[in-house]
Amino acid sequence: MTLPRAIELAVAALIIAGGVVLYRRRDKADSYGSQGAVILLVVGAIVAIHALRLMEYRPGRADADMLTSRAQ
């Protein structure tokens, strides 16, 4: 893992931790929770997915063969 990816993952962890803290500090009269906390959790999850390259396209052998046959 490169240094920028590690930094991005650390930022994602901090965002998620901030969302958890914000959610836990909600008022007892508020039965819905904190929308801001949920948004932070979602953003943190998206940043973590990006940092870990979980949605990066990796063509299989069949895709690579198809692309090379089209190029010729």
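Numbers at a glance
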item: Any hit, the range 34-53, residues being on the phi < 0 side of the Ramachandran plot and either in a loop (DSSP other than H, G, I, E, B) or aromatic (Phe, Trp, Tyr) (or both); result: yes
item: Pick from the range 7-29, criterion under 19 Å from the mean Cα position of the chain (by Cα) and among the small types (Gly, Ala, Ser), ranking: surrounded by the fewest Cβ atoms within 10 Å (Cβ to Cβ); result: Ala10
item: Every pair of residues 6+ apart whose Cβ atoms lie under 9 Å, when the first sits in the range 52-69 and is under 30 Å from Ala13 (Cα atoms) while the second is outside any helix (DSSP H, G or I) and not acidic (Asp, Glu); result: Leu52/Met1
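Here, each number is a calculation from the coordinates, and none is a lab measurement. Please read these numbers as outputs of a predicted model, since none were measured by experiment. Ideal geometry is used to build each Cβ from the backbone, glycine not excepted, and the neighbour counts take in all protein chains shown.
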